[in-house]
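Here's the structure we're looking at; comments come further down.
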Amino acid sequence: MRLLATVILLVLPLTGPAEATSEKILTDSLTFNGARRNYYLFVPQKAGVTAPAPLIVLLHGSGRNGLSLVEKWKDIASQEGIVLVGPDSADSAQWASPVDGPDFLHELVEMLKSKYLINPRRVYLFGHSAGASFALQMSLLESEYFAATAVHAGALTQEVASFLIQRAKRKIPIAIQVGTEDQFFPLKSVRHTRDELTRQGFSVELTEIPRHDHWYYDLAPKINRSAWEFLKKTELAEDPRYERYRFER
């Protein structure tokens, strides 16, 4: 167990276990640290038919829930045979460590792997807004557990970037999409995140969407397709490794 001396907090503006039924989004929950945590699950008919399926963990924006992303990813997942899970953060207004991850995400993924034919080397992260920034953080903490990460409208602060980048054991591939008119994540801050990561040897794809603001949902099909084309290229070279952390304030 490694000691982390800071608690990472993300707050951004609003922008019997069920069995998977083909082509339906299911709502379920698991108990984590004594609390019931809701998540939304989509297991398409194609998933695991000819080979273990990839899994994408979807982290929602502030003021929303996991369903808001699973709904937008459902069509691609159905076409490609991707299992989707969209957990709710403990507080819908934010994602925070340690209550939301990495241990919570790890427990959720391991539970799904025990029930469905999921490729453990193809577990990915996608997030929007607060969920995007948290996905970047989780990528760095658990770079040997998640294969790759794609986000829309997210960045790392200088303090968080300096703290986490040095702790990553693997140069996890990362893709960031952001609008040139995003009011919450200006290009300067997103480019700074890209530059800090690439300076440390990470492979980062930054896509700047002209005349696009922070609103993800109307462009979701295009954003998600681009994200999946990036994610699907990467598979862990060996079985995933996970490391637990102890967080201190």
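The values are calculated or read from the model by the stated rules, or taken from the named source; none is laboratory data. Note that the structure is a prediction, hence the values are computed from the model and not measured. Ideal geometry is used to build each Cβ from the backbone, glycine not excepted, and the neighbour counts take in all protein chains shown.
Brief remarks on what is shown
- From the list Val190, Val151, Val160, the one residue that fits, being modelled with pLDDT under 95 and surrounded by 19 or more Cβ atoms within 10 Å (Cβ to Cβ), is Val160.
- Yes/no for Tyr245 being at pLDDT below 95 and in contact with a Lys or Arg (Cβ under 7 Å, 6 or more places away or on another chain): yes
- Residue in region 55-73 that is closer than 16 Å to Glu235 by Cβ, of a type outside the set (D, E, K, R), assigned to a loop (DSSP other than H, G, I, E, B) and in contact with a strand residue (DSSP E or B) (Cβ under 8 Å, 6 or more places away or on another chain) present: no
- Which listed residue is surrounded by 22 or more Cβ atoms within 10 Å (Cβ to Cβ), over 18 Å from Leu231 (Cα atoms), of a type outside the set (A, V, I, L, M, F, W, C) and over 8 Å from the mean Cα position of the chain (by Cα), from Ser114, Ser129: Ser129
- Residue pairs meeting the criteria (Cβ under 9 Å; at least 6 apart or on separate chains; first farther than 17 Å from Lys113 by Cβ, in region 48-71; second buried (at least 21 other Cβ atoms within 10 Å of the Cβ) and among the acidic types (Asp, Glu)): Leu59/Asp100
- Residue match in region 76-90 (condition: closer than 15 Å to His60 by Cα and over 13 Å from the mean Cα position of the chain (by Cα)): yes
- Screening Asp182, Asp100 for residues that are in a loop (DSSP other than H, G, I, E, B), within 12 Å of the chain's Cα centre (by Cα) and buried (at least 19 other Cβ atoms within 10 Å of the Cβ) leaves exactly one candidate, Asp100.
- Region 45-62, residues that are under 21 Å from the mean Cα position of the chain (by Cα) and over 15 Å from Arg122 (Cα atoms): Leu59, His60, Gly61, Ser62
- Qualifying residues in region 200-242 (those that are part of a loop (DSSP other than H, G, I, E, B) and among the hydrophobic types (A, V, I, L, M, F, W, C)) - the one farthest from Leu141 (Cα to Cα): Trp215
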